[in-house]
1. Residue under question is residue 86, and the condition is that it be surrounded by fewer than 18 Cβ atoms within 10 Å (Cβ to Cβ) and either touching a residue at least 40 places away in the same chain (Cβ under 8 Å) or touching a helix residue (DSSP H, G or I) at 6+ places or on another chain (Cβ under 9 Å) (or both); does it hold?
2. Scan the range 170-185 for residues that are surrounded by fewer than 17 Cβ atoms within 10 Å (Cβ to Cβ) and in contact with a helix residue (DSSP H, G or I) (Cβ under 9 Å, 6 or more places away or on another chain) and report the count.
3. Could you please find all residues in the range 30-44 being farther than 19 Å from residue 15 by Cβ and out of contact with any strand residue (DSSP E or B) (no Cβ under 9 Å at 6 or more places or on another chain)?
4. Quick check, is residue 188 under 28 Å from residue 106 (Cα atoms) and either surrounded by 13 or more Cβ atoms within 10 Å (Cβ to Cβ) or in contact with a helix residue (DSSP H, G or I) (Cβ under 7 Å, 6 or more places away or on another chain) (or both)?
5. Identify, please: which residue in the range 205-216 is assigned to a helix (DSSP H, G or I) and in contact (Cβ under 8 Å) with a residue 24 or more places away in the chain and is, among those, nearest to residue 84 (Cα to Cα)?
6. Taking the range 168-196 on its own, how many of its residues are assigned to a loop (DSSP other than H, G, I, E, B) and under 22 Å from residue 248 (Cα atoms)?
7. Could you list, in sequence order, the residues of the range 69-80 that are in a loop (DSSP other than H, G, I, E, B) and farther than 28 Å from residue 105 by Cβ?
8. Scan the range 131-148 and tell me whether some residue there is assigned to a helix (DSSP H, G or I), over 14 Å from residue 181 (Cα atoms) and without any contact (Cβ under 8 Å) to a residue 60 or more places away in the chain.
């Protein structure tokens, strides 16, 4: 049974990739986006055995590229039922007064501007059809501040606020807006944050069992498959060993 078209940003790794795999297994058609064309094509080949897959390779931080990519969709792919705003990253982990401003701009452009650009392109079609679902991937960092988290946390707090505003503005048009906010998830996230230092990237997960991308994907699938009258607006998902952003029980 065709369950509609899902556009996933940042689909080539981590939560995005895991969600693409799970949704393919459950009958959704997929538009996969990202900047790494080789990974997109590999996913298309693999998941294309399960469902219809279309790929778009562009930089979500670039408004013109976003507009061009969405405008290029063939007719049979234009009616996007679900948008999963997953693309995001943390760059660096320094005290505010020592941060690299280029890291700030990278996080703001990806986590905030990218989400805005693509949501603005996709939402009008949902409004016109009177239905749709936008899921924004937040973070425990969008609910709490922690040392050296400054601008990353600020962008994720902004995602929380935007989600509430989008939910209010699109309520009368039948468009659901949800956030899923994970705690520690072992993906490429820490490798990116620590600029490829894989040893340092392992440290947040030592002595405990973090979430996997699949764990978060299963929560997203639950949100997407509720009846039309049910809206899971906000979901916080944490490892059992984590109570707050920095309170973690380690063996």
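The values are calculated or read from the model by the stated rules, or taken from the named source; none is laboratory data. Computed from a prediction, not measured in an experiment: that's the story for all the values here. FYI the Cβ positions are ideal-geometry reconstructions off the backbone, even for glycines, and counts take in every protein chain you see.
1. Working: surrounded by fewer than 18 Cβ atoms within 10 Å (Cβ to Cβ): no; either touching a residue at least 40 places away in the same chain (Cβ under 8 Å) or touching a helix residue (DSSP H, G or I) at 6+ places or on another chain (Cβ under 9 Å) (or both): yes.
No; evaluated as a whole, the condition is false for this residue.
2. So the first thing to find is which residues in the range 170-185 are surrounded by fewer than 17 Cβ atoms within 10 Å (Cβ to Cβ), and the list is 171-174.
Going one step further and asking which of them are in contact with a helix residue (DSSP H, G or I) (Cβ under 9 Å, 6 or more places away or on another chain), we end up with 173-174.
Count: 2.
3. Going through the range 30-44, the residues farther than 19 Å from residue 15 by Cβ turn out to be 37-38, 41.
Across the range 30-44, the qualifying residue is only 38.
4. Details: under 28 Å from residue 106 (Cα atoms): yes; either surrounded by 13 or more Cβ atoms within 10 Å (Cβ to Cβ) or in contact with a helix residue (DSSP H, G or I) (Cβ under 7 Å, 6 or more places away or on another chain) (or both): yes.
In short, yes.
5. If we filter the range 205-216 for residues that are assigned to a helix (DSSP H, G or I), which is where we start, we get 205, 213-216.
Now drop any that are not in contact (Cβ under 8 Å) with a residue 24 or more places away in the chain, which leaves 213-216.
Details: 213: 14, 214: 15, 215: 16, 216: 12 Å.
Selected residue: 216.
6. Looking only at the range 168-196, we keep the residues that are assigned to a loop (DSSP other than H, G, I, E, B), and these are 174, 183-184, 186-188, 194-196.
Those left that are additionally under 22 Å from residue 248 (Cα atoms): 183-184, 186-188, 194.
Residues in the range 168-196 being assigned to a loop (DSSP other than H, G, I, E, B) and under 22 Å from residue 248 (Cα atoms): 6 in total.
7. To start, the set of residues in the range 69-80 that are in a loop (DSSP other than H, G, I, E, B) comprises 72-74, 78-80.
Passing the criteria: 73, 74, 78, 79, 80.
8. In the first step, residues of the range 131-148 are kept if they are assigned to a helix (DSSP H, G or I); the result is 140-142.
If we keep only those that are over 14 Å from residue 181 (Cα atoms) too, we end up with none.
No, the range 131-148 contains no residue that is assigned to a helix (DSSP H, G or I), over 14 Å from residue 181 (Cα atoms) and without any contact (Cβ under 8 Å) to a residue 60 or more places away in the chain.
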